[in-house]
Amino acid sequence: MDNTGSIKQEASSLPPGIFEIPGEPAVVINGVPDEPQTDCMIAKDEPISNGTVGSGEWFVGREVRKFFLGHYYSGLVTKFDKQSGWYRVEYEDGDSEDLDWSELEEVLLPLDVTVPLRATTIFPMASLLLTLFSALLFAATITESEAYSTTVKAPYPGNKPEKLTHLHFYFHDIISGNKPTAVPVARGPATNSSATSFALVAIADDPLTIGPEITSEEIGRAQGMYASADQNNFGLLMAFNLVFTKGEFSGSTASMYGRNPILSKLREFPIIGGTGAFRFARGYAQAKTFVFNITSGDAVVEATTIFPMASLLLALFSALLFAVTITESEAYSTTVKAPYPGHKPEKLTHLHFYFHDVVSAKKPTSVVVATSPTTNSSATAFGMVAVVDDILTVGPEITSEEVGRAQGIFAATDQNKFSLLMAFNLVFTKGEFSGSTASMYGRNPIMSKVREMPIIGGTGAFRFGRGYAQAKTFTFNTTSGNAVVEYNVYIWH
């Protein structure tokens, strides 16, 4: 039935807000909504007698996945009966069943970010993204409770016996030509004079291929950001998503985050998560330069060549060979049996050190590389981005023994409080863990007495690592802005 005209008429007469159109499984977003009258942000139908959650029609079309007799079965919610509260589910093998809410909740897959609504209000494009983001109702599963978290029992989406998958492919970083795949977007005041291009930030969308030739079959893209975060060595902070578009893992992604010492023959970075086939994943990637073109700066290199500093970082980074473990096979994925590299009984390690953030000195270890138009007038410096290569010491004095560096990026991301997004690699250079790294990524509310941030991966001794770091300001100089922060880090590895 075509009642688009009546929907448009109703929507245009409504005040700003979110409204359900009777008889249509759709939401009309009419302007940016005000705060709802109730405490709950989720719109509901009238509750039905057997306790089934309202808004039942909204679940029609949602995907389910059920574990039965040793197998997973995928299906769709095809119908909701308001009178009985039953949901009809039809499975891919042709079977079907009616479920109540508690049963459906166990098998319902999470809602996609892109929600297919059959009828929507048309918005001016300039404000579409912000308006939609303000009004969308997000819920993994809707319950009558106003609490926003629940414990999910297995089997749940992505709950399956673990296996180790080996991916082997080539990564092409192109900085020359009409359509480069890696472009610099920010730099610090001293980047051009720095021996390591410290504080250079670049964005990349690099092709991944089965073979080393650019004409080889493309199986995905490496999309993300890297920053030169080492003042003494060529070391990059890497924050990338490996997006697979071909083969068994088409549609899946693996998130890679870590430190890339680009002059090393073999480099290692943590895999900290993923989507699709790689939900709940953890692991590591190894990179080896295969070839380098001195003239264009595009590359795939085995032997490192020293050349003019102006193009060194982008050139060396080009065409890295990525592999969890390198094999002679040209197929880009295989399953690896345990025991495998990094497979060992887990233990908990406690690390204690001091973090020196120097913003005022002849050679600061923390430099601002980007600001927003309103950063200077913001009470919280909102929009400021800095690249950091801070010293880690055994004691609080800067003269104390150095055990490593904290290299990465922080950004002021809170408009109301002093809070930073922290994206750091803790690079250990002394003691038992020399040569290993731990990747830290989280929120740092810097005015709090004790702050906690996740450890999301690592390399070397910390392969497959996970844990948390607690930070406590030890001293802060209000004149210079320099700070010493005490860290206690706990890592399962």
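Only the coordinates and a few stated rules stand behind these numbers; no lab work does. This one's a predicted model, so the numbers in the text were calculated from it and none came from an experiment. All Cβ positions, glycine included, derive from the backbone under ideal geometry; neighbour counts span all protein chains shown.
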> With each pseudo-label sitting 7 Å past Cα toward Cβ, what's the Thr334-Tyr468 distance in nm, one decimal?
Replying inline: 4.0 nm
> Viscosity 1.306 mPa s, temperature 10 °C: Stokes-Einstein D of region 348-492 from its Kirkwood Cα radius, in µm² per second?
Replying inline: 102 µm²/s
> Once you sort the root eigenvalues of the Cα gyration tensor of region 350-407 as a ≥ b ≥ c, which label holds: rounded (a/c under 1.5), prolate (a/b larger than b/c) or oblate (the other case)?
Replying inline: prolate
>> Using amide H atoms built in the peptide plane, which far-off residues or other-chain residues are under 5 Å from Thr289 H to H?
In response: Leu321
>> Just to confirm a number: summing +1 for Lys and Arg and -1 for Asp and Glu over residues other than Pro445 whose beta-carbon lies under 13 angstrom from that of Pro445, what do you get?
In response: +3
>> Sort 385-395, 209-219 by packing, meaning the average of other beta carbons within 10 Å per residue, with the highest value first.
In response: 385-395, 209-219
>> List the residues, sorted by chain then number, that are 5 or more residues from Phe464 or on another chain and whose placed amide H is less than 5 Å from its amide H.
In response: Gly283, Gly458
> For Phe59, Phe462, what ranking results if the residue with the fewest other Cβ atoms within 10 Å of its Cβ goes first?
Replying inline: Phe59, Phe462
> Roughly speaking, what is the stretch gain from Lys79 to Glu92, that is 0.36 nm per residue apart minus the C-alpha to C-alpha distance, in nm to one decimal?
Replying inline: 3.1 nm
>> Please list, by residue number, everything in region 472-488 whose backbone N is under 11 Å from a paramagnetic label point 7 Å out along Cα→Cβ of Ser400.
In response: 474-475, 484-488
>> For a protection proxy built on the mean count of beta-carbon atoms within 10 angstrom, sort 483-490, 173-180, 236-243 highest first, please.
In response: 236-243, 483-490, 173-180
> Using 7 Å Cα-to-Cβ label points, what is the Glu217/Asn477 separation (nm, one decimal)?
Replying inline: 5.9 nm
> Applying the Karplus parametrisation 6.51 cos²θ - 1.76 cosθ + 1.60 with θ = phi - 60° to the phi angles of region 208-220, what ³J(HN,Hα) value in whole Hz is obtained for each residue in order, glycine and proline being reported as x?
Replying inline: 10, 10, 5, x, x, 6, 5, 7, 5, 4, 7, 10, x
